[in-house]
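Q: Before anything else, here's the structure in question.
The values are calculated or read from the model by the stated rules, or taken from the named source; none is laboratory data. Just so it is clear, the structure is predicted and the values come from calculations on it, not from any experiment. We place every Cβ from the backbone using ideal geometry, glycine too, and count neighbours over all the protein chains shown. Heads up: the accessible areas ignore ligands, DNA and RNA and are worked out on the full protein's heavy atoms, side chains in. Shrake-Rupley method; radii C 1.70, N 1.55, O 1.52, S 1.80 Å.
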Amino acid sequence: MPKYFAHIDGLRAFAVLAVIIYHLHSSLLPGGFIGVDVFFVISGFVVTASLTNHKGESFTAFLGFFYARRLTRLAPALMAMLLATTLAYVLFVPRTWFNRGADDVGQAAFWGFSNWILDQTAINYFEPRAEFNPFTHTWSLGVEEQYYLIAPLLLFNWVRWRAHSQRRRLAIAVMILLAMVSFVACVYQAIHHGPRFVFYQITFRFWELAAGVVWYQWAAELGKKFETYHCYLQKGAWIGLVLIVGLLLLPNPQAYPWLRAWCAVIGCLLLIGDPYFDKDSLRRLLASSPMLWIGQRSYSLYLWHWPVFVMFRWTVGLDVWPFNVLALGLTLVLGAVSYRWVESPLRKNQRFKKIPAGWRIVGFLVFIGISWQSARLLLAHQPELGLGQPTINAKDWHGQYGLMKAVYQSARQCEPRVVERDLAQGRGSVIEYFPDACLDKDKAQLFVLGDSHATAYLPMFEQLSAEQGRTVRVLHSPGCPYIDLIKPMGQRGDPSCLQKSRATLQEILDLAKQGDIVFLPSLRLPRFVDFGNAEKTGLHDTFDGTSIYERSALELQSIAAAANDAPEWLSPFEKAGLHVLFEAPKPIFRAHPFRCVDFFNRFNPDCKNGFVEERANEETYRAPTLLAMTSLALNNLTISIWDPLPLLCEKNFCKAMQGERPLFFDADHVSPYGNVVLYPAFKQAIEQVSALPK
């Protein structure tokens with residue numbers, strides 16, 4: 001059987017083009033991501049075919065041949081892409097809460113387990129956090145590389161034993177059994193936990209690679225007998241094409257593994273068809289010169305397209321002419337250059353092939369280690385190398401305590417001891433400030449309960465502890481606000497939020513004493529813009545009125561329901577003799593300052609709405625929420641309200657930037673500099689609440 005199948009290179013081209021078009025703009029090809037499933041099947045088929053002529057070798061020689069060949073194929077182009085992407089990331093992308101996992105994913109990609117990091121950090125492939133991580137696409141390489149670690153163990157006996165023997169057929173049966181186990185595990189996990197939990201892991205993807213392996217093994221076992229089935233396989237190839245094209249046009253990416261992976265694997269196998277026959281019209285089309293050119297460069301094109309697209313998203317944008325076309329052209333150029341000057345030279349170098357396999361493997365491992373260390377150095381020196389204002393002036397933007405300490409150093413009594421811990425069963429985290437060395441430390445404790453809007457105020461909380469000798473405990477659960485007055489507590493999108501809220505509430509009740517203060521910061525308004533979307537809001541996008549600042553009937557009903565639900569969550573504080581301080585809604589904006597203030601990103605379409613809102617519009621937008629909050633305070637003397645909006649807005653306008661300095665990091669989270677501006681008023685509010693009767 002021949003080692004090279006021209007139509008499979010054409011099938012690679014088909015797959016990589018689908019992936020590229022989907023990542024360029026998902027609406028152009030809603031199911032384009034199934035190209036990766038096609039790649040898995042092709043990899044299993046081609047890698048198995050490449051081993052056919054290595055009979056009679058010892059297991060050690062077989063391992064050496066296999067791993068040296070795989071490293072030669074994958075490592076040079078992958079290392080070049082990872083180093084170049086790390087450099088671009090360091091130069092143009094600021095360190096933020098939003099992309100803090102990108103470093104870990106990129107570092108893991110050097111060693112082939114970035115898919116583990118993505119899975120462990122619960123990053124959904126179809127959410128903006130993944131789309132703005134320049135290393136996300138390496139998850140599929142991780143799956144393949146992990147398969148290559150075990151492939152020789154599974155294939156050695158099949159290669160060694162002669163054709164048509166019982167042992168060889170037993171090896172095929174074992175591969176089929178393992179594929180079935182993987183598929184059943186995938187289906188079970190998807191049903192009971194959701195598609196995201198089976199997306200990244202080799203355990204739930206093995207069956208796709210094994211399908212390609214078994215298809216080749218079956219073809220090799222039958223040999224020329226395959227021709228008996230050719231007329232059926234020829235018809236099947238067209239069915240496979242229709243099946244895959246249908247999947248490419250089908251929306252709903254969450255339909256995994258049912259319609260997506262399962263049908264993509266079947267369609268790919270039908271398109272591979274009979275390896276002995278390449279005379280039909282469909283195969284001639286797949287083996288045409290343009291398809292072969294793209295298919296032979298598919299690995300390099302796949303490596304480069306994603307970081308190019310992501311870096312365009314971070315800078316000039318990817319959704320408008322001419323930048324989308326420029327990004328596509330740059331991908332083709334980098335893919336061609338990588339194939340010609342990085343990927344091919346060692347693969348085709350006969351002198352290199354004569355080096356013993358063991359030495360080649362050691363050389364590649366040293367090369368990977370050096371590349372990995374180089375990337376680590378780049379990341380470590382991002383503060384010096386970064387070109388953006390959020391990196392150059394990090395203390396203003398996202399440094400934690402440095403700016404606050406520098407401004408209010410003279411007022412500090414002591415340096416609080418900081419303790420970070422997790423609540424049991426992953427039900428939130430706690431950051432505690434203990435003013436052990438302060439002389440005056442008998443003040444009421446401050447408990448802060450909330451989500452990311454609680455942790456945005458950490459500089460203020462640390463300074464308050466240092467200045468007043470006050471113990472501060474910040475109980476936070478990302479994405480889980482406490483009484484945000486947008487929806488009732490039991491109607492949050494994440495069902496685990498209710499359990500986390502109960503756990504953090506109980507933690508406060510266990511630690512608090514009468515007269516302590518509970519501060520409840522939150523967004524409390526549907527966003528004008530989510531990260532990764534030019535303009536998107538929560539309930540607000542259902543409103544068809546003339547002004548985006550007016551609230552819809554649906555929103556007003558939801559606010560009323562949330563206000564009616566709030567006393568249930570406030571009464572435990574009242575019974576415990578605690579004072580509650582609500583944060584009134586802050587201004588929000590329609591662009592994110594941290595990604596829109598530099599020369600290379602300020603004209604990005606996502607920045608078009610700028611950082612200025614009329615104050616009257618902001619007041620109109622928050623009025624129903626503020627009214628509901630005020631009603632709660634009037635009916636409960638233990639509740640007070642702190643309003644940061646007058647401090648963050650001028651007479652007529654609310655601005656995210658104060659000159660060159662950011663009041664806000666993104667469209668709704670206050671920056672460290674914003675903390676500095678707000679701190680005197682916040683301190684006064686805490687003192688006023690502390691003076692209330694217990």
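Q: Take T48 and decide whether it is open to solvent by less than 10 Å² (accessible area, probe 1.4 Å), hydroxyl-bearing (S, T, Y) and in contact (Cβ under 8 Å) with a residue 60 or more places away in the chain. Don't jump to the end; show me each part of the working.
A: Working: open to solvent by less than 10 Å² (accessible area, probe 1.4 Å): yes; hydroxyl-bearing (S, T, Y): yes; in contact (Cβ under 8 Å) with a residue 60 or more places away in the chain: yes.
Here the answer is yes, as T48 does meet what is asked.
Q: Then there is this: Can you find a residue in the range 14-28 that is more than 19 Å from W304 (Cα to Cα) and either at pLDDT 95 or above or out of contact with any His (no Cβ under 7 Å at 6 or more places or on another chain) (or both)? Spell out the reasoning first.
A: Let us first name the residues in the range 14-28 that are more than 19 Å from W304 (Cα to Cα), namely 27-28.
Narrowing further to those that are either at pLDDT 95 or above or out of contact with any His (no Cβ under 7 Å at 6 or more places or on another chain) (or both): 27-28.
Yes, that holds for at least one residue.
Q: Same structure, new question: Pull out all pairs, ordered by first then second residue, where Cβ-Cβ is under 6 Å, the residues are six or more apart or on different chains, the first lies in the range 379-405 and is over 20 Å from H669 (Cβ atoms), and the second is open to solvent by 20 Å² or more (accessible area, probe 1.4 Å) and in a helix (DSSP H, G or I).
A: Note: pairs meeting the criteria are L379/D103; L387/L91.
Q: Moving on to the next point. State all residues of the range 529-575 that are modelled with pLDDT of 70 or more, in contact with a His (Cβ under 9 Å, 6 or more places away or on another chain) and open to solvent by less than 50 Å² (accessible area, probe 1.4 Å); if no residue qualifies, say none.
A: Within the range 529-575, V529, R551, S552, E555, F573 meet the criteria.
Q: Report, by residue number, each residue of the range 503-524 that is basic (K, R) and more than 28 Å from the chain's Cα centre (by Cα). Before the answer, list the steps.
A: So the first thing to find is which residues in the range 503-524 are basic (K, R), and the list is 513, 524.
Within the range 503-524, just K513 meets the criteria.
Q: Could you name every one of the helices (runs of 4 or more DSSP H) located completely within the range 598-694 that has at least 3 residues being open to solvent by less than 30 Å² (accessible area, probe 1.4 Å), more than 30 Å from K443 (Cα to Cα) and touching a residue at least 24 places away in the same chain (Cβ under 8 Å)? Spell out the reasoning first.
A: On the way: elements: 615-634, 645-648, 672-690.
Counting at least 3 such residues, we get 615-634.
Q: Of everything in the range 107-117 that's outside any helix (DSSP H, G or I) and not small (G, A, S), which residue is surrounded by the most Cβ atoms within 10 Å (Cβ to Cβ)?
A: The qualifying residue surrounded by the most Cβ atoms within 10 Å (Cβ to Cβ) is F110.
Q: Can you find a residue that is modelled with pLDDT of 90 or more and within 30 Å of S496 (Cβ to Cβ) anywhere in the range 384-399?
A: No, the range 384-399 contains no residue that is modelled with pLDDT of 90 or more and within 30 Å of S496 (Cβ to Cβ).
Q: Would you mind stating whether G64 is open to solvent by less than 30 Å² (accessible area, probe 1.4 Å), in a helix (DSSP H, G or I) and under 30 Å from D666 (Cα atoms)? Before you say what the answer is, go through the steps one by one.
A: Details: open to solvent by less than 30 Å² (accessible area, probe 1.4 Å): yes; in a helix (DSSP H, G or I): yes; under 30 Å from D666 (Cα atoms): no.
So G64 does not fit the description; no.
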